[in-house]
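Structure first, commentary second.
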Amino acid sequence: MGRRDEWLDLPGDPTVDGVDRRDFVKVCMMAAAALGLPAATGVKWAEAAEAGLKPSVIWLHFQECTGCTESLLRTSHPGLDKLILDMVSLDYHETLFAAAGHQIEAALHDAVAKGGYVCVVEGAIPTKEDGIYCQIAGRTAIDILQEVGGNAAAVIAIGSCASWGGIPSADPNPTGAVGAQEILKDKTVINLPGCPSNPYNFLGVVLQFATMGTLPALDDEGRPLFAYGRTIHEHCPRRAHFDAGRFVRQFGDDGHNLGYCLFAMGCKGPETYANCSTLHFNEVPDAWPIGIGAPCFGCTTKGVGFTKPLFQEAALPPNYVPPIHPSDQRGPITPGWAGVVGLATGAAVGGALMASKKLGEGETEGS
Ligand code: SF4
């Protein structure tokens, strides 16, 4: 990427390496919006980047598929990978570094010695048999995380594996895989679960820390409330179908083609906390599981993702009223009943969705 002052200061939104200032500021504003912060905060972040305020980041890989890094790099327009790499000083990353062996180990040592860095953990940490199932340069993941995470200014666990064990911890969890918080018991670990985690949630947390020195409010599982404070179900575009009792019963059936609710196919949206339904992946509309017709499998929520069987129905919200099954004791779903409920709840939920959509559009355009 070219020098930052070249493309931030020149008039007319010049383009350098395919990234112009307008796109750069736009991404910062999107990251701010993900945190529920005003657009002006995004502009402030962009200015901080202009001033050269780049936090040092040490990125550790343990038991994982590298999917979170891949997701980060596969974002399109304007290429979040370039922006990320330009806004932080990435001082150690095993996947992205050209160096290897003693060279990369020296880079890690130097970055830790400087201090003040953000430690990003991708992947679970095996604990059985003293952690021998994941070793790098002869050291166990436990040992590396205790040193690098223990001395970090902030620790971010990106993805479900680093947050609470994820796939490696699925029953019978042969390696005793756990999340970073289990190893760093005396430290606050910010968990950004997801398989993969949404890059904008990550960017928002890092930029907030870099520019304000603060961290977002967290829930009792260490997840930022701005991203994990609500269920997928609350903002799902198929919610009106759920409330009206219109369900997909088989992949490829008429209901599936019409975009009906995926609850009966095992969708875990009602018990999964994440912002996937409002913050899609790769800036592509509908680029998220339910958007392409697949049930949510609950990857962001411990005890749901990689734990409950894929087609097992989710636990329902306590105030749910319409019957799900035609054989339900409250009576079968009739076209007339479904129509009445659908009109009432659909209008209410649809109105709310449209209002929030317009609000979101207004914020983006006005920002
Ligand atoms: Fe959306 Fe799943 Fe809830 Fe249906 S059950 S409304 S598909 S989140």
- Just to be sure, is A152 in a loop (DSSP other than H, G, I, E, B) and of a type in the set (G, A, S)? yes
- Task: Sort out which residues of the range 51-80 are modelled with pLDDT under 75 and open to solvent by less than 40 Å² (accessible area, probe 1.4 Å), and write them in order of number.
- Result: T75, P78, G79, L80
- Item | Top-ranked residue in the range 10-39 [being open to solvent by 70 Å² or more (accessible area, probe 1.4 Å) and part of a helix (DSSP H, G or I); ranked as modelled with the lowest pLDDT] | R21
- Query: Of all the residues that make up the range 180-190, how many are assigned to a helix (DSSP H, G or I) and in contact with a helix residue (DSSP H, G or I) (Cβ under 7 Å, 6 or more places away or on another chain)?
  - Reply: 2
- Item | Residue selected from the range 166-179 under the condition touching a helix residue (DSSP H, G or I) at 6+ places or on another chain (Cβ under 8 Å) and within 22 Å of D220 (Cα to Cα), by the criterion most open to solvent (accessible area, probe 1.4 Å) | I167
- Query: Which one of these is surrounded by 15 or more Cβ atoms within 10 Å (Cβ to Cβ) and modelled with pLDDT under 90: A48, A111, A99?
  - Reply: A48
- Breaking point among (1) farther than 30 Å from H280 by Cα; (2) at pLDDT 95 or above, for G194: (1)
- Item | Residue that is assigned by TED's automatic domain parsing to the domain that holds G194 and modelled with pLDDT of 95 or more, where the choices are I136, I132 | I132
- Message: From the list S356, S367, exactly one residue is modelled with pLDDT under 50 and under 21 Å from the mean Cα position of the chain (by Cα). Which is it?
- Response: S356
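The values are calculated or read from the model by the stated rules, or taken from the named source; none is laboratory data. This one's a predicted model, so the numbers in the text were calculated from it and none came from an experiment. Note that we place each Cβ from the backbone using ideal geometry, even for glycine, and neighbour counts take in every protein chain shown. Just the protein is used for accessible areas: all its heavy atoms, side chains included, with ligands, DNA and RNA removed. Shrake-Rupley method; radii C 1.70, N 1.55, O 1.52, S 1.80 Å.
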